[in-house]
Amino acid sequence: MAGQLRPLHVVGKRSLLLLVAVVAVSNAPLAVRTVRAVDPCSVANVNPIPCENAQPGTPQSVWSVSGAGDPGIQGFATDISVDVGGTVSFKINTASTDYSLTIYRLGYYQNNGARQIATVQPSAALPQSQPACLTDAPTGLIDCGNWAVSASWTVPTTAVSGLYFARVADNGTGAASQIWFVVRDDAAASDVLFRTNDTTWEAYNDYGGNSVYYGSAPSSNGRAYKVSYNRPFNNRSESAGFGTVNGPLYAEYPMIKWLEANGYDVSYTSTVDVERAPALLEQHKVFLTSGHDEYWSAGERSAVLAARDAGVGMAFFTGNTSFWKIRWESSIDGSGTPYRTLVTYKESLDQRVLDPQDPPTWTGSWRDPRWSPPADGGQPENAVLGTIFTVNRGSAAPVVGSDFAGLRFWRNTAIAGLTAGQTVTLGSNTIGYEWDEDLDNGSRPAGLFDLSATPVSVPQKIRDYGVSYGPGSATHSLTLYRAASGALVFSAATVQWAWGLDVLGHDSVPDFGPVTADRNMQQATVNLLADMGVQPATLQSGLVAATASTDTTAPTSAVTAPAAGATVASGSQVTVSGTASDVGGAVAGVEVSADGGATWHRASGTTSWTYAWTPGAPGPTALRSRAVDDSGNLETPSAGVTVTVTPPACPCSLFPSLPVPGTPSSQDSNAVEVGVRFTSDVAGTVTGVSFYKGSGNTGAHVGNLWTATGTLLATGTFTNETASGWQTLTFGAPVSIQSHTVYVASYHTTSGFYSSDVGYYTKQVDSWPLHAPAGFNGVFAYGGTQFPTQTFSANNYWVDVVFAMAGTTTALASSANPPVFGQPVTLTATVSGSGAGQPAGTVAFSDGSTQIGSATLNGGSPDVATLTVPGLAVGGHSLTAVYAGSGVYASSTSPALAQQVNKAATTSSLTASPSPATPGQAVTLTAAVAVVAPGAGTPTGTVAFFDGATQLGTAPLSGGHASLSTTTLSSGTHTLKAAYQGDPNFAGSTSAPVSEVVQQTATTLKAAPAVLGLNPLRLTLLNLSATLTRTDTGAPVPGQTITMTAGGTFLCSATTNSAGVATCNGVAGVLAILLKGGYTATFAGTATYRGSTAFGPAIS
């Protein structure tokens, strides 16, 4: 609203709080007032942008011109750019006797868009007469470099780098025009380097009558092959789609305004400078472009890739980017000034080599591979950008769904708050007017992920390499990936993204953008630049400062289906599915490889994902996945799962599903031969050709098979045709073809009206073992039956081949089934072929999904390959042999062989030591376990030791032996044995019994004398005592009963104490003691101890 003031609170590059003011202007969507806490022009600020934009701007009504300006006063700069401190010269063609040049710099400047920098007076005498521009008729080049210099401006060393223009105006009539140029600062290391789209400006510039789109040149459509920078810009006076959209005020100007309004530290360069001074890119954190960026040279592409690989972030806010390939030549004005002539023959349009420097230098569309090598085309744009041009017309507003809400790109926007099923619509027509898609064409950068997805029905979508466009459906996506250097690469994939950032004053037509700036787009751009390490100094009100991601941990993923070891058929439709998760961020995308990691393709979904896979070559195939998170961290993939692909059932064809063409019947009524170039991965035979027949394609049809050089191999006339649909001819005899060799299948129609789909062969058609190569395919020749060599727009004329491989069968046998563990097994694969000669090559042997070895066929009769496997694990195995095929024979897989492997038998033996032993003595039992041939290996596990039926204990088996020590054997004879319990690979066994004798321990008994006492009345006897000890050690034997007797008369008994002494009173036997002269002490013995006796004399 006019006159409304809003404060703008920002944090500067050096953490200086700036409140930058902007003078409100009428119809300005964002007005701010000047309140400066810290002078943005102080020496403390190394970023010159806030200070520069604090200077008073010049209203657009003052600096603008109508269209390309007055045709009576036009000029150009002698160089598209000049370094600060250098001089730029202007050559002006006018009859004016009084004019001047006012130098302006584009920027924000309180929303005025530009600021007057200087006024320059002509140095030439006026009126100045300029000669007619030079021309080069064969190329349509118009070069006005022969004009004389009219004025010059020496750029102050203090000038701020930027996109400048000189407004040349007649001081009397006011007639005016603009001359655009860039002021560089080659010594600067600004955060952002903004590159202008000057190659695109010049490509569309038709000053003098010619552009690379139209004119009076002797080309197929009058276009010039070369255009000169030595010309005034006429773009803004050209028709819609050719004019204003291809000038700086369309989508570069609003980006410049927005960057400088937010105080980003930005300097400027031209496209020319990217090639002539590529190292300068690496002085900056971010390389940024905006708008229509259609024309790139090989030097520019190399410079951009080198900067990316050096860690420079890439922010491509562009569409139709790098579509046409160009090269440079010097001017033809006699000065030989380099980089003044832009050359692009657009060879893709005429579908032939035109450029005299081709090969090796191609100047067609970057993606067109048809003549490369030896040329240097065939390099799709998305290999650098992440996206690739597809939509020539069809603008729309981006619609971002909740699937993207969790991505950090959308933090602090309305998208971040979306719940399931909700969407946010961004600025109108900010997808347009030309835009790109994220295509899985084999050139996607690793880890690329989408930040949005907006499907649009469009009136003009590319169908080939740049010739044909037509209605279609396309999906616009913002994309991001992190290069190996760590640099982030962003593609807005649209010319008009900047329209969502700033809406005042930019050119429009053919589209009109949003009325007000889109805060979500602004915030997302702030977020992106922050993640690239760039911060604004004067952030606009309503936006939130963002910080770079600190997440360096990659997500993880897994393939959950099909299961490891599964079998899938070649040519079938298989859904590969899996899961992914991330810590510290969000899973942003998943890629799947179906060839062990050689190539990768985008999956659908994130945390739960699927990928549609058509298996190709037979044999084991590893399915792997890798996930990327929203910071661009890419998973190092795991081994994944391995499945086995089985061969298809032939006869085989390129189009086995018999599709209906998009254009079943063309409107060409001429007699013509149409065909397809194809190869086969295996040798075999072609039995016929087929084609799709539409209405009007009447009359006789002749089918042919050719070599790549035009030798006719087979021919025949189609019979029993139906009114429409697929028709098939079977040759009189099959024709043998070699593997990996190009052949042509074709048919001739006298009436025309053949089927034709434009651009179909921009992708290779794969239907294993057959392939129809991309690019130079879909061949034709007008007239009678003849070898077709011409192509047009990679059209598919819907011709197919009927192919049968020279079949083989493979049988597998085992030398032993079942063997035992450790027994070598010899596997023998016998391969038989259906053709002449014998199959040759290798056979791979697999145990389930794991290949266990390979061997070469011996060429004998039978033709066999053998592999000796040292030992298979115990259990069941499913063994297969896969013959890989050769130049003559197809591959084949044997039926699975059920191989059982049993445990190896063992023998056990036992020894005991010492033998014999005594009770309580430690006896060591040692078991030895040996493997019975043909088994081999070392058993493990445990051995149990037994005394009769009683288990004494167990011991682990080590090195074939196990030992147990026991002290529990009682006296007597023991029957011992060892029982090996077995392990997963070896059967158990029991030793022969071993007898172990345990003898009683000898004892010694000593009887103390029997002491008699004399009493006047009678004799008395003191206690009797005997001591029992071990004979071998002298140790006392406690707890044993000692009996005292005299002449057979029992006296008493007692139990030995801890000292082995037994004491008792034998007074009742005094008389017997006297008669015998003493007593006898007797130890009867036990199971452990041997008995013993002793005599104790009587004394008084």
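The values are calculated or read from the model by the stated rules, or taken from the named source; none is laboratory data. A quick note: this is a predicted structure, and the numbers were derived from the prediction, not measured. All Cβ positions, even for glycine, are placed from backbone atoms using ideal geometry, and neighbour counts span all protein chains on display.
A few comments on the model shown:
- Count of segment 20-65 residues which are modelled with pLDDT under 95 and touching a helix residue (DSSP H, G or I) at 6+ places or on another chain (Cβ under 7 Å): 4
- Filter pass, ALA169 being more than 25 Å from THR341 (Cα to Cα), touching a residue at least 40 places away in the same chain (Cβ under 8 Å) and not in a loop (DSSP other than H, G, I, E, B): yes
- Within segment 696-714, considering residues that are in contact (Cβ under 8 Å) with a residue 60 or more places away in the chain and not in a loop (DSSP other than H, G, I, E, B), the one nearest to THR749 (Cα to Cα): VAL702
- The residue of segment 150-166 that is surrounded by the most Cβ atoms within 10 Å (Cβ to Cβ), among those that are small (Gly, Ala, Ser) and assigned to a loop (DSSP other than H, G, I, E, B), is SER161.
- Residues in segment 646-661 include at least one that is surrounded by 15 or more Cβ atoms within 10 Å (Cβ to Cβ), more than 30 Å from ASN697 (Cβ to Cβ) and in contact (Cβ under 8 Å) with a residue 12 or more places away in the chain.
- The strands (runs of 3 or more DSSP E) found entirely in segment 296-414 that carry 3 or more residues being over 21 Å from ALA251 (Cβ atoms) and not polar (S, T, N, Q) are 324-329.
- Residues considered: PRO895, PRO934. Of these, the only one that is out of contact with any helix residue (DSSP H, G or I) (no Cβ under 6 Å at 6 or more places or on another chain), surrounded by fewer than 21 Cβ atoms within 10 Å (Cβ to Cβ), in the same structural domain as LEU827 (by TED's automatic domain parsing) and closer than 30 Å to THR856 by Cα is PRO895.
- A single member of LEU879, LEU867 is over 28 Å from SER680 (Cα atoms) and in contact with an Asp or Glu (Cβ under 7 Å, 6 or more places away or on another chain), and it is LEU879.
- Counted residues, segment 1051-1100 - those being in a loop (DSSP other than H, G, I, E, B) and among the hydroxyl-bearing types (Ser, Thr, Tyr): 5
- Among the residues of segment 612-629, those identified as of a type outside the set (Gly, Ala, Ser), crowded, with 16+ Cβ neighbours inside 10 Å and within 30 Å of LEU879 (Cβ to Cβ) are TRP613, PRO615, PRO618, PRO620, THR621, LEU623, ARG624.
- Which listed residue, of VAL272, VAL353, VAL286, is within 26 Å of the chain's Cα centre (by Cα) and of a type in the set (A, V, I, L, M): VAL286
- Checked against (1) surrounded by fewer than 24 Cβ atoms within 10 Å (Cβ to Cβ); (2) assigned to a loop (DSSP other than H, G, I, E, B), ILE179 meets all criteria but (2).
- Residues that are in contact with an Asp or Glu (Cβ under 9 Å, 6 or more places away or on another chain) and assigned to a strand (DSSP E or B) were ranked within segment 466-482; the one that is nearest to MET314 (Cα to Cα) is LEU480.
- In segment 417-431 there is at least one residue that is assigned to a loop (DSSP other than H, G, I, E, B), touching a residue at least 60 places away in the same chain (Cβ under 8 Å), in contact with a Ser or Thr (Cβ under 8 Å, 6 or more places away or on another chain) and under 15 Å from SER491 (Cα atoms).
- Residues within segment 81-108 that are surrounded by fewer than 24 Cβ atoms within 10 Å (Cβ to Cβ), under 14 Å from ASP185 (Cα atoms) and either touching a strand residue (DSSP E or B) at 6+ places or on another chain (Cβ under 6 Å) or free of Cβ contacts under 8 Å to residues at least 24 places away in the same chain (or both), tallied: 3
- For GLY632, the requirement of being assigned to a loop (DSSP other than H, G, I, E, B) and buried (at least 22 other Cβ atoms within 10 Å of the Cβ) is met.
- Check on SER452, in contact with a Pro (Cβ under 7 Å, 6 or more places away or on another chain) and either touching a residue at least 12 places away in the same chain (Cβ under 8 Å) or not in a helix (DSSP H, G or I) (or both): yes
- Odd one out for PHE753 among (1) under 17 Å from VAL801 (Cβ atoms); (2) in contact (Cβ under 8 Å) with a residue 40 or more places away in the chain: (1)
- Taking segment 231-295 as the region of interest, the helices (runs of 4 or more DSSP H) fully inside it that hold 3 or more residues being charged (D, E, K, R) and in contact (Cβ under 8 Å) with a residue 40 or more places away in the chain are 271-276.
Results for (1) under 35 Å from the mean Cα position of the chain (by Cα); (2) closer than 19 Å to THR728 by Cβ, shown as yes or no for each residue.
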| residue | (1), (2) |
| --- | --- |
| THR762 | yes, no |
| TYR782 | no, no |
| MET805 | yes, yes |
| SER832 | no, no |
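- With a requirement of 1 or more residues that are touching a residue at least 40 places away in the same chain (Cβ under 8 Å), crowded, with 20+ Cβ neighbours inside 10 Å and more than 59 Å from the chain's Cα centre (by Cα), the strands (runs of 3 or more DSSP E) lying completely within segment 939-991 that satisfy it span 972-980.
- Verdict on THR575 being in contact with a Ser or Thr (Cβ under 6 Å, 6 or more places away or on another chain) and within 12 Å of THR621 (Cβ to Cβ): no
- Odd one out for SER625, checked against (1) outside the structural domain of ASN795 (by TED's automatic domain parsing); (2) touching a strand residue (DSSP E or B) at 6+ places or on another chain (Cβ under 8 Å); (3) in a loop (DSSP other than H, G, I, E, B); (4) in contact (Cβ under 8 Å) with a residue 24 or more places away in the chain: (3)
- Set ALA1084, ALA1046, ALA1072: member being under 29 Å from THR967 (Cβ atoms) and touching a residue at least 24 places away in the same chain (Cβ under 8 Å): ALA1084
- When the strands (runs of 3 or more DSSP E) confined to segment 742-794 are screened for residues that are within 29 Å of GLY699 (Cα to Cα) and at pLDDT 95 or above, those reaching at least 3 such residues are found at 743-749, 779-782.
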